Amino acid sequence: RDSVERATTIAYLRDSAGVDPAEIEAVLAAYQYTYTPVSIKANLTADEKVKILVDFPNHAKGVTVLENFSRKYLTDQSMSQVLGYVASISPREYDKLKDRYRPSDAIGKTGLESSYETQLRGEDGESRITVDARGTKVATLATSPDIAGCSLTLNINADMQSQGQEILAREVRAGRFTSGAAVSLDPRHGAVRGRAPLPTSDNTPLPDGFPCPAQPPPLPA
């Protein structure tokens, strides 16, 4: 709350980790009444991480480094719009979901990542501790394990999806169109085996608890 100390800390983070002071101020303004960590920069380099941990031990002045998870998409761009992507939770989303999410969490924004966010997410573990006046851990009161999210199996065939994307792109170019879509259905039961849109996008550069629902019955052979 001290304006001088606040400005000094923000200036340090700007110089040591390349964080824009305006971005820090915006985050602090959006989450000024929360007591859970708020992310101001992801993907720190090893040097940045060490420097911050050395200069801010034991969460000094409210600054610390936390490990987090990120998505790694293994498919090509033909699956990008189907899968969608995750990104940092917005202040508006957090305001609605603060009972289950932290300001530093990622959340599904589009595609299956959004539609199945609840099932894919799982539950965070929890550790309740006591600390002394300096913030140093004194004792652990209780812990609960994290619970992995559900796995999701699609009817989409990755090879058919990729081939459909290639054929669609070729036909769109031949017809001098700017966009198009192709859907491949299994005539036996209507399962979607391929769903290719154009234009598409690449979700790989993007960043990066709940009981599993009953599994649907298997499709007929």
Quick one: which of 156-166, 40-50 comes out on top by average Cβ neighbours within 10 Å, and what's the full order, highest first? 156-166, 40-50
Mean Cα-pair separation over length for the stretch 27-131, i.e. relative contact order, pairs under 8 Å, 6 or more apart, %: 25 percent
With the 1.4 Å probe rolled over protein heavy atoms, the chain has an accessible area per residue in Å² of 70 Å²
For the stretch 89-132, which chymotrypsin sites (Phe, Trp or Tyr not before Pro) are in a loop by DSSP, counting at most 16 other Cβ atoms within 10 Å? Y116
On a 1.4 Å probe surface of the protein chains, which of F177, F56, F69 comes out largest in accessible area, and what is the full order? F69, F177, F56
Dipole moment magnitude, nearest 20 debye, the chain about Cα centre, only Lys, Arg, Asp, Glu C-beta charged: 320 debye
CD proxy, 222 nm, the chain: helix-only mean residue ellipticity via -39,500 (n - 2.57) per DSSP H run with n ≥ 4, per residue, nearest 500, stands at -9500 deg cm²/dmol
Compare the peptides 123-133, 20-30 by average per-residue count of other Cβ atoms within 10 angstrom and give them in order, highest first. 20-30, 123-133
Calculate, in nm to one decimal, what D146 and H189 gain on full extension: separation in residues at 0.36 nm each, minus their alpha carbon distance. 11.7 nm
Report the one residue of Q81, P197, Y12 whose Cα lies farthest in the direction of the positive end of the charge dipole of the chain (charges on C-beta: Lys and Arg +1, Asp and Glu -1; origin at the Cα centre). P197
E166 to N43: FRET efficiency via 1/(1 + (r/R0)^6), r the Cβ-Cβ distance, R0 25 Å, to the nearest 0.05? 0.20
Theoretical gain in end-to-end length, S127 to T34 [0.36 nm per residue, Cα-Cα removed]: 31.7 nm
If you work out percent of Cα pairs over 24 Å apart from the coordinates, which of (i) 63; (ii) 59; (iii) 41 do you get? (ii)
Place the peptides 136-146, 3-13 in order of packing, highest mean first, counting for every residue the other Cβ atoms within 10 Å and averaging per peptide. 3-13, 136-146
With unit charges on the beta carbons (Lys and Arg positive, Asp and Glu negative) and the dipole taken about the Cα centre of the chain, which residue among L53, V131, Q119 sits farthest to the positive side? Q119
Students often forget the sequence filter, so: which lysines lie under 17 Å Cα-Cα from K109 once same-chain residues fewer than 8 apart are removed? K72, K96, K98
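The values are calculated or read from the model by the stated rules, or taken from the named source; none is laboratory data. Just so it is clear, the structure is predicted and the values come from calculations on it, not from any experiment. Every residue, glycine among them, receives a Cβ derived from its backbone with ideal geometry; neighbour counts consider all protein chains shown. Keep in mind that these areas ignore ligands, DNA and RNA; they rest on the heavy atoms of the full protein, side chains included. Shrake-Rupley method; radii C 1.70, N 1.55, O 1.52, S 1.80 Å.
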